[in-house]
Amino acid sequence: MHGPGTRCSDLALSLVDASVVATAERLGQDTITTLDRRHSPWCARSTSTRSCSSPDRAAHRGRTLRAVETSLPVADRPRRPEWMKVRAPSPDGRYFDVKKLIHGASLNTVCEEARCPNIAECWGKGTATFQILGDTCTRACRYCYVNSGKPEGAPDPLEPLRLAQAAAQMGLKHVVVTSVDRDDVEDRGAGQFAAVTRALKAKLPGCSVELLTPDFLGDEERALATVLEARPEVFSHNIETVRRLHRRMRGAKASYDGALWLLRRAKEVADYPVLTKTGLIAGLGETNDEMVETMRELRAVGVDVVTIGQYLQPSSRHVEIDRWVHPDEFRWLREQGEALGFGSVFAGPLVRSSYRADEQKHAADTGLGVVAY
Ligand code: SF4
């Protein structure tokens, strides 16, 4: 549910940050090479391994910043490109303190459960995203590493207090909370989201709370009322992928239009100016045009913040990566989203829905853009 899947071995890669320096240096070249027409964000007439013609380039210059590289089908580049490599945890940061604290409080994080590639960076800076309602999800999305099955037991009534205590000890000013899907629970987990929000606001009066929720299938209206009564500053629900792929990736229970409805209805139900947010995964087989179309539909329902990041296949049981989206394309997607009017579009290879969430919120609040790298 949370976003692009990852492999455990990521963390063994002791390498550089998602790097775009080389890309930036390449900007301004005249030749625009595309490997696959389907994946070209702005050269509609480009064909495989050919360059755009001059009239095409001239037209594109007027539309956007010039991109010089586009997606690589994974078949052409099975190894992870340099911009996907991440650091290993450093003993100098707060990584091990965060780990000890979270494990000691018997809390789950999506950082670990989804094997997020950013864990060394985020935990090293003392942040994490809490995953409530257990470690077992009642759905089985084809890209997600979180354990799926039949959850054991009702929501833990003490979890909100432990979570608030841990957030206080970490000194968080913006707390992101998500959950597994709990279709087995009568209120779909809405009451636990509300209880966590209230506990956080009681323990950390100055903090802002961001809730990344499931779709509350079958109890949406009541669940939204319950959750928003606790007044989280950010209400987030990930649409995950484009309309054409949604059912294939998320299964029959989830609904693309249902996700749009939930995001629209959250604004209507809240009696305060809640910020709404969603996330998209790139590399599942979608085209860039479809990504832009999805962003257009998200804007039409008033979504304020969107994140876009590269899918990583978490295991051989999960859907294969379709393409490595080039950093230039992420930049192009950000520009398209900004032109559509989002308060913040956070797009980059390693972006995840909760990645640098405090900065995303600040960007949307202030109208000051934030870039992923
Ligand atoms: S991006 Fe989100 S899920 Fe990943 S490590 Fe950072 S806080 Fe955790």
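The values are calculated or read from the model by the stated rules, or taken from the named source; none is laboratory data. Keep in mind the model is a prediction, meaning the values are calculated, not measured. Backbone-built Cβ (ideal geometry, glycine too); neighbour counts: all protein chains shown. Heavy atoms of the whole protein, side chains included, go into the accessibility calculation; ligands, DNA and RNA do not. Shrake-Rupley method; radii C 1.70, N 1.55, O 1.52, S 1.80 Å.
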Candidates Arg188, Arg198, Arg139, filtered to the one that is within 22 Å of Phe235 (Cβ to Cβ) and surrounded by 24 or more Cβ atoms within 10 Å (Cβ to Cβ): Arg188
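Residues to consider are Ser106, Ser71; find the one that is among the polar types (S, T, N, Q) and open to solvent by 20 Å² or more (accessible area, probe 1.4 Å).
From the options Ser106, Ser71, the qualifying one is Ser106.
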Number of the condition not met by Glu121 [criteria: (1) acidic (Asp, Glu); (2) over 20 Å from Gly348 (Cβ atoms); (3) surrounded by 21 or more Cβ atoms within 10 Å (Cβ to Cβ)]: (2)
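Between Ala357, Ala300, which is more than 17 Å from the chain's Cα centre (by Cα) and within 18 Å of Phe235 (Cβ to Cβ)? Steps first, answer last, please.
Numbers: Ala357 fails: more than 17 Å from the chain's Cα centre (by Cα).
Every option except Ala300 fails the conditions.
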Matching strands (runs of 3 or more DSSP E) fully within the range 254-373 where at least 2 residues are open to solvent by less than 30 Å² (accessible area, probe 1.4 Å), within 16 Å of the ligand (Cβ to nearest atom) and in contact (Cβ under 8 Å) with a residue 60 or more places away in the chain: 275-282, 305-310
Test: residue in the range 103-111 that is under 22 Å from Ala195 (Cβ atoms) and hydroxyl-bearing (Ser, Thr, Tyr): yes
Complete set of residues in the range 135-165 that are under 19 Å from the mean Cα position of the chain (by Cα) and β-branched (Val, Ile, Thr): Val146
Selection count where residues are open to solvent by 10 Å² or more (accessible area, probe 1.4 Å) and among the hydrophobic types (A, V, I, L, M, F, W, C), scope the range 233-253: 1
